[in-house]
Amino acid sequence: MAKTKKSKGAPDGTKLIAGNRVARRNYDITDTYEAGLVLLGSEVKSMREAQVQITDGYVRIRDGEAWLEGMHVAPYSFAIGFGAHDPDRSRKLLMHSDEIARLKARIDQERVSVIPLSLYFRDGRVKIELGVGKGRTKGDKRQAIAERDSKRDVEREIGRRNKYRT
């Protein structure tokens with residue numbers, strides 16, 4: 001049984017369930033949104049055990065509603081038959097209608113993707129952080145890695161200089 005951990009910089013009452021580290025590497029994230037999820041009881045119990053994969057997830061907007069697709073929630077081991085759920089079903093996102101309309105307009109005009117960045121509990125409710133961004137090419141990924149490494153080197157050098165100052 002995997003343990004959930006408190007996310008960095010998050011307020012009290014927030015527990016990280018799953019993160020999508022690949023998303024920040026493969027996409028240039030410009031905006032983030034927070035949304036709730038419509039879930040079944042057995043899905044919530046699986047999430048408490050951190051039996052979730054969000055790396056293949058994406059958001060699709062249909063009929064004025066936002067749906068999260070491609071997220072895999074493993075079946076809860078004690079839910080059999082009636083209480084069980086489909087692990088790969090589409091899950092409805094709980095967002096304001098004006099947020100959904102803005103997202104739909106951006107997707108249609110700017111050709112961006114909406115992908116899940118992290119899944120967490122906030123005050124007992126499951127929330128998901130969504131990122132809006134464009135996919136990076138191979139060269140863009142290499143450039144982003146080089147920038148990150150150079151920033152890290154600069155910070156390291158500043159730390160060394162500050163360490164020996166009196």
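Give the number of residues within segment 13-29 that are basic (Lys, Arg) and touching a Lys or Arg at 6+ places or on another chain (Cβ under 7 Å). So that I can check it myself, show each step before the final result.
Keep residues of segment 13-29 that are basic (Lys, Arg), which gives 15, 21, 24-25.
Next, only the ones that are touching a Lys or Arg at 6+ places or on another chain (Cβ under 7 Å) stay: 15, 25.
Residues flagged as basic (Lys, Arg) and touching a Lys or Arg at 6+ places or on another chain (Cβ under 7 Å) within segment 13-29 amount to 2.
Evaluating Pro87 against the criteria (1) at pLDDT 85 or above; (2) touching a helix residue (DSSP H, G or I) at 6+ places or on another chain (Cβ under 9 Å) leaves one unmet condition, (1).
Contact map, segment 81-95: first residue assigned by TED's automatic domain parsing to the domain that holds Asp56 and assigned to a helix (DSSP H, G or I), second residue at pLDDT 70 or above and surrounded by 13 or more Cβ atoms within 10 Å (Cβ to Cβ), Cβ cut-off under 6 Å, separation 6 or more or different chains; pairs are Gly83/Ser42. Considering only residues in segment 9-48 that are surrounded by fewer than 16 Cβ atoms within 10 Å (Cβ to Cβ) and part of a loop (DSSP other than H, G, I, E, B), the one that is modelled with the lowest pLDDT turns out to be Gly9. Consider Tyr120 carefully, then state whether it is of a type in the set (Ser, Thr, Tyr) and more than 19 Å from the chain's Cα centre (by Cα). Answer is no for this residue.
The values are calculated or read from the model by the stated rules, or taken from the named source; none is laboratory data. Since the structure is predicted, the reported quantities are computational estimates derived from the model, not experimental observations. So basically every Cβ, Gly included, is an ideal-geometry build from the backbone, and we count neighbours across all protein chains shown.
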